[in-house]
Each structure stands twice: as structure tokens, then as C-alpha cells.
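Read through the structure below, which is laid out as C-alpha cells, and then see the notes.
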Amino acid sequence: MRLIQFKTNTGDRAVGIVHADGISVEPLLGVQSVYALASDAIAKGQSLAEATKGCARGALINYDALFAEKRILAPLDHPEPTRFWITGTGLTHLGSAVARDKMHDLAHGEDKDLTDSMKIFKMGLEGGKPANGKLGVQPEWFYKGAGTCVVPPEADLPMPDFALAGGEEGEIVGLYLIGPDGNPWRIGFALGNEFSDHVTEALNYLYLAHSKLRACSIGPELMLGDLPNNVQGTVRVKRGGNTLWEGEFLSGEDNMSHSVRNLEHYHFRYDMFRRPGDLHAYFFGAAILSCAHGVKTQSGDSFEIDVPAFGRPLRNTMRNAPAAPFIVRSL
């Protein structure tokens, strides 16, 4: 089952099930958010899929129209956006270290020592998916922002005027709600464009944190249930309607050096991330990057992450964003 959040033609919020035909959406009457639906499911001791079965259904809506009219929302959000943690990890996929190496080689030359990146990648290969339910090695981790940094599918991804570059990172995102008892509940999975500044990161690895503080996009569809072990698709960069670059999207645990369980443990072991009522979007890492293949994006370029298992592609256009003036004052 896959869910979406959208706006009705009167501007109200709604949640719907993507119909099996892929061209229709069945609204859940009286449900305005996945957050509310998931909260109710936890309270009733139900799965999210079970909770949807108890909802009345409305007349089918044309899915194409929702896209054409830009009424698609991110598949999960919080009524208080600052309680939506956006975080992630990298060097978790079998191709990710190669992509990271290429990115740094382009900036610094092939002789640049990348011992730290390769070391943490090899640690994941050797200990990221332990057997018999044991815990593995700790992954890389970064903070992306609060829920205010998430833009809907089809919306613009703003590139700040201080940014040195903007590049796609096509990933799978785990989406979670912290229950009243402080335990995390996995709501499901979605596609994500983690969108980072790879040129800033390549200047110095200690700039990684700065390079991640950008907008991102999630969706359009929320996949309920388990993540398939092998998830395949295509990532594209388009310019003027033409494909500038494309690469193979590979994810799922068959293509990862860490298990989902291992990534989740090392995120939620921190007390601050188990605050009842909070939401979390956790990016699982990208296996391929266009910048690692010499692509230099520019304002107006669009990114498309097309993975059939997740339904409709995630598409966004990068746009230069003027600086918002601010002044630091002394009280």
C-alpha cells in the first residue's frame, strides 16, 4: 500500500491511497494527515495499513491532475515543523564510496588521501550487517534540518546564494513517529532527494555539516510495510527538458553495507531523538551522484528520481534563491 498527502480543489488537506491502476487516488474521508492517522493507529494498537481499512473512502481522484495542479504534498509532515527531525547517513551503499572518491578526486586530484571516507566505508562492509540480530558498526550521520527544510514534490529546491553548488542525492528515506512511551514507530519509506552542496564538502571534509544544511524533498508516495531487499530505478538531471545525465538507482539491503535495523539503532539510541510526538525523516544514503561524473548543475536544472517500486517519480527543479538579510543584535 502507498499513501499520499495532497490538497483538495478547495485547498483542504487530505490523505489518499494510490489506486492499483496508478492513475487514481482514493481519499480517506476525514483524514487530513498521515501524522494524525499514524498517531491514531498507535493509540489503537493497529498497523497503519489496518488503520486505513477503518476509514471511509471518497470518490476516486485523478492522480495526474494533482500533479498538474501542484497539489501534491510531502507524504509526511508535522503540525509543528520544528518537531520534524531531518537527518541522514552516507557511505552506506556499495557504490557510495566510489562516488565519494570521485567527487573528491575532481576537486583535489587523484592523489588526495581519502583514508577517513574509505575507512568508514570498509567498516560498514565488514560490520554493518551482522547476523543473528546483533548490532553492527556505527555509520556516518548528519543533521539536515527541521521540517521547514522539506519542499513538496514538483516544487523548487532553493540553492542559497552562498552555496558553491547544488546536487541531487537520490535516496530512500525512513519515516518514523515517536510513540507516547518514547519508542520509535516506523511509518514507512519514501523516495528522497537529499540535495547537498558537494563542492563545499569537497573543500574540506569538516565542511560536511555545512554542505548538508540545505532544502530537500521527500515523496510523493509513502510505502507501507517492509522495504524490498533490492530496489532499482533511475536518477536523472535534466536541462531544458533534455536529459543531461542519468544513472542507476540501487538501494535496499542487497545493495547496502548496513542493515536498516543497524542504521535505525544508531540514530534512535540518543534520548533526544525519542521525544514523544516527534517525527523523523532519516535518509539512508545515496549510491550514485551526478557530480561524481563531472556534472555541474545550474539554476533551472531539474532532478528526477524514478523508482517504480515507489510509484510516481520524485521531481524538483533547482532555483537560485536570494539571500534573506539578517542582523545579529546585542540585547
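The values are calculated or read from the model by the stated rules, or taken from the named source; none is laboratory data. Source: prediction; values computed, not measured. With ideal geometry, Cβ positions are generated from the backbone for all residues, glycine too; neighbour counts draw on all protein chains shown. The protein model used for the area step is the full one, side chains on, heavy atoms only, and it has no ligands, DNA or RNA in it. Shrake-Rupley method; radii C 1.70, N 1.55, O 1.52, S 1.80 Å.
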So what J values fall out for the range 7-15 if you push phi through Karplus, 6.51 cos²θ - 1.76 cosθ + 1.60 with θ = phi - 60°, rounded to Hz, Gly and Pro as x? 9, 6, 6, 9, x, 7, 7, 7, 10
Table column - 3J(HN,Hα) (Hz), the range 279-292, Karplus curve with 6.51, -1.76, 1.60, x for Gly and Pro: 10, 9, 10, 10, 6, 8, x, 9, 8, 8, 9, 5, 5, 5
With a probe of 1.4 Å, find how much accessible area the range 130-193 has per residue, and write the answer as a whole number in Å². 39
In nm, what is the difference between 0.36 nm times the number of residues separating Ser299 and Asn183 and their Cα-Cα distance? 37.6 nm
Given a 1.4 Å probe, the accessible area of the range 1-98 per residue, as a whole number of Å², is 45
Ignoring the sites themselves, what is the longest stretch of the chain with no chymotrypsin sites (Phe, Trp or Tyr not before Pro) in a DSSP loop and at most 11 other beta-carbon atoms within 10 Å? 1-161
What residues qualify as long-range amide H neighbours of Met159, i.e. H under 5 Å apart, gap of 5 or more or another chain, H built at 1.01 Å from N? Arg319, Asn320, Ala321
Once amide H atoms are placed 1.01 Å from N in the peptide plane, what residues at a sequence separation of 5 or more from Val295, or on another chain, have their amide H within under 5 Å of its amide H? none
Average accessible area per residue (Å²) across the range 289-329 - probe 1.4 Å, nucleic acids and ligands excluded: 55
Computed on Cα atoms only, the convex hull of the range 201-331 has an orientation-averaged projected area in nm² of 12.1
List the GluC sites (Glu not before Pro) within the range 151-203 that fall in a DSSP loop (any state other than H, G, I, E or B) and whose Cβ has at most 10 other Cβ atoms within 10 Å. none
Centroid-to-centroid separation of the range 160-183 and the range 196-249 [C-alpha atoms, Å]: 11
Heavy atoms only, probe 1.4 Å: what % of the accessible area of the chain goes to carbon and sulfur, would you let me know? 53
Sorting Tyr35, Val199, Ile61 by the position of each Cα along the dipole of the chain (Lys, Arg +1; Asp, Glu -1; all at Cβ), the one nearest the positive end of that ordering is Tyr35
Tell me the label-point distance for the pair Glu69, Leu206, using the 7 Å Cα-to-Cβ offset, in nm and rounded to one decimal. 5.3
Against the longest alpha carbon principal axis of the chain, how many degrees, from 0 to 90 and to the nearest 10, is the axis of helix 96-108 turned? 50
Just to verify a number: FRET efficiency for Ala59 and Thr87, C-beta to C-beta distance, R0 = 56 Å, to 0.05? 0.90
Apply 1/(1 + (r/R0)^6) to the Cβ-Cβ distance of Arg261 and His19, taking R0 = 35 Å, and write down the FRET efficiency to the nearest 0.05. 0.65
Cα convex hull of the range 17-80: how many Å³ per residue? 94
Report, by chain and number, residues whose modeled amide H sits under 5 Å from the one on Asp77, excluding near sequence neighbours (fewer than 5 apart, same chain). Val34, Tyr35
Phi to ³J(HN,Hα) by Karplus 6.51 cos²θ - 1.76 cosθ + 1.60 over the range 217-225, Hz, x for Gly, Pro: 9, 9, x, x, 10, 9, 8, 8, x
Against the longest principal axis of the chain, how steep is helix 34-44, in degrees 0 to 90 to the nearest 10, with axes from Cα atoms? 70
Net charge dipole size for the chain [Lys, Arg +1 and Asp, Glu -1 on Cβ; Debye, nearest 20]: 600
Give me the extension gain from Leu125 to Asn230: residue separation times 0.36 nm, minus the current Cα-Cα distance, reported in nm with one decimal. 36.1 nm
With -39,500 (n - 2.57) per DSSP H segment of 4 or more residues and division by the full residue count of the chain, the 222 nm estimate, nearest 500 deg cm²/dmol, is -6000 deg cm²/dmol
With angles folded into 0 to 90 degrees, how steeply does helix 115-127 sit against the dominant principal axis of the chain? Use alpha carbons for both and round to 10. 50
Using the Kirkwood radius over C-alpha pairs as Rh, can you work out the diffusion coefficient of the range 126-285 via Stokes-Einstein at 10 °C, viscosity 1.306 mPa s, in µm² per second? 93
Just going by the charge dipole of the chain, with Lys and Arg at +1 and Asp and Glu at -1 on Cβ, which of Val173, His280, Ala209 is farthest out on the positive end? His280
